[in-house]
Amino acid sequence: MLRRRAVAVVALAVLAVGRATAHGGSLAQDIREPLTIPTWLFLSTGGAAVGASFLLASFVTDRELIDAIHDWRRGAAVPGRRVAVGLLRAAGIAGVALVVVVGYFGPTDARSNAAILLVWVGWWAGLSMSAYLLGNSWSVLNPWRTVAELLPALDLRYPDRLGAWPSVVGLLALVYLEVVSPLAENASLLATTVVAYSAVTLIGAVAFGPSTWFGQVDPPARVFRYYGRVAPLSSDGDGLTLRLPGMALSERRLVDGRDEVAFVLALLWVTTFDGFVSTPAWRGLAGPFVGLGIPPLGVYLLALLLGFGLFWSLYVLAARLSRSTAETFLTPAALAARFAPPLLAIVAGYHFAHYLDYFLGLAPALGQTLAAPLTARSTVLVLSMPGWFGGVAMASIIVGHLLAIWVAHAAAYDLFPGRLQAIRSQYPFIAVMVVYTMTSLWVISQPDIPLPYL
C-alpha cells in the first residue's frame, strides 16, 4: 500500500523542518533495517559520548579563548551581489510556477513528476540541508516574500501578545497534516494546495507587512532563519561572513521569550515525531487506542500534542533546576531562552541524519525530470546508498549534540561571572540533551515501516 502523505501546503511550510527518510510517499527509499548490536548498548554509548563531551568542555574555562572562538569571523565581498540576488528571486518564483504547472499538467507518477520531486527532494531535503550546512538562502529565494514586497502593504498592527505563537501552532498543525493527510503522490493536489498556500501567505503579508508576517507568523521562514544560525556563512548586507559552524547560536537575544523557546522545542519534537510514527513501537502503542474505537487521526493528534508537551515540560523543568544549581536570581524563563539556541544544532544533526541518503538517492531523478518536466518517464535514475552509509546518520546526530554542548557552554560563560556557577548552570540542560540524544538515536535505530492505521 502506498504511503499517504501531505504534500503541498504542508510541504511548502514544513519543507525546512526535517522529516524522516520514510516520508515522501512513493519517493521513499530503502526500508531501514534494525541494528545488529543491542539497542541498549547503542543508546548508552551515544548518551555517554554527549555526557563525556560536557566534561571535556568544562575544562575550557578561559573566557578569552571561548570569546575568541565565537568571535572569530572573516568577511568577503560578493561581486555582482545584486545580480545574484535578482537571479535567486527569479529562481524562487520560477520554482513555484513549475510546481503549479507540472502539478496540473505533468506526469501522474510521483517519481517522474518534477513538481513532487522538486518539493520533496530539492526543497524539502536539499535546500533545508543547505541552510544549516552553508547558509540561509531562503530569505532571498522565498517567492512569496519577493511578491509581497512588490505589493502595497496595509501595515495593520500585529498584536504583540501573539509573538511567535502563531508560528508554533502553525508548525505543529502543518506537521500533523503532513503525516496524516492522504495527498500522497497526487501532483494536482500539490498544485492546488500550493495555490492555496500562496493566497493565504500573500494576504497575511499584505495585511501586516512582509517583515512582520515572515518574521513572526510564517513557520518555514522562522525555521530557515534558525537553521541559518547553525551554518558557517551568513549575509551581512554587503557580502558574506564566515564563522565556525554553530557559533552564531551563542549570541544573545537569538531566542527571546517563551514563544520562541516553544518554537525551538516544537521544531525539535516534530523531527522526532515524524520518525517515531514510522516505527513498530508506535504501531504497538497506537494499536490499543485504535482498538477502542478512537479514530487514528485522533490518536496521531494526541501523540503529537502529548509529545510536544513532554518535550516542553522536560525543558521547563531543566530551566527551573538550573536556577537552583547555579544559585542565580535569573528567572527560569530567562535561562530557558538563553539555553534554547543550542538545541537548534541538535535539530540540524537529526535532520541531516534522515535526509542525506534520501537526497543523494533521488537527486538524479530530480535532475532528469527538471530537464523535461512535462515528459512522462517509465523509469528514473535512483541511487542506492551502501550499507555503511547508515553510520553517517548516526554520526551526524552525535555531532549535532556535541556542537550543542559547546554552544551551551559558551552561553553559560557569557551569562554568569563565576566559572563554577557557569558549569553548574548547565547540569540540568545537559541531562535533558542526553535524553534528547538517546531518543533521537533510538528512533533512527528502529526498523522503518509504513504509517500504521492510516
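See the values below:
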read-out: Shape call, region 375-454: gyration tensor on alpha carbons, a/c limit 1.5; value: prolate
read-out: Three-way shape label, region 235-315, alpha-carbon gyration tensor, a/c 1.5; value: prolate
read-out: Net charge of neighbours whose Cβ lies under 15 Å from the Cβ of Arg81, counting Lys and Arg as +1 and Asp and Glu as -1; value: 0
read-out: Per-residue Cβ neighbour rank within 10 angstrom, fewest leading, Ser167, Ser324, Ser139; value: Ser324, Ser139, Ser167
read-out: Nearest-0.05 FRET efficiency for Leu314 and Leu420, computed from C-beta distance (R0 22 Å); value: 0.35
read-out: Computed over region 72-219: relative contact order in percent, which uses C-alpha pairs under 8 Å that are six or more apart; value: 35
read-out: Amide H contacts under 5 Å for Arg229, placed H, 5+ residues apart; value: none
read-out: Mean Cα-pair separation over length for region 316-454, i.e. relative contact order, pairs under 8 Å, 6 or more apart, %; value: 34
read-out: Exposed-loop-free span, longest in the chain, where trypsin sites (Lys or Arg not before Pro) count as exposed if DSSP calls them loop and at most 11 other C-beta atoms lie within 10 Å; value: 254-454
read-out: Phi-based couplings in Hz for region 330-344 (Karplus 6.51, -1.76, 1.60; Gly and Pro marked x); value: 5, 6, x, 5, 5, 5, 4, 5, 6, 9, 6, x, x, 5, 5
read-out: Karplus 3J(HN,Hα) series, Hz, for region 114-131 with 6.51 cos²θ - 1.76 cosθ + 1.60 (x for Gly, Pro); value: 5, 5, 5, 5, 5, 5, 6, 8, x, 8, 5, 9, x, 5, 5, 5, 5, 5
read-out: Contour minus Cα-Cα distance for Phe105 and Met385 (0.36 nm per residue); value: 97.6 nm
read-out: Inter-label distance for Ala207 and Ile69, nm, one decimal - labels placed 7 Å from Cα along Cα-to-Cβ; value: 4.6
read-out: Cα centroid of region 145-181 to Cα centroid of region 304-353, whole Å; value: 24
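Any read-out appearing in this document is the output of simple, stated calculations on the displayed coordinates, not a laboratory observation. This one's a predicted model, so the numbers in the text were calculated from it and none came from an experiment. A quick note on method: Cβ atoms are made from the backbone with ideal geometry, for glycine too, and the neighbour counts reach across all protein chains shown.
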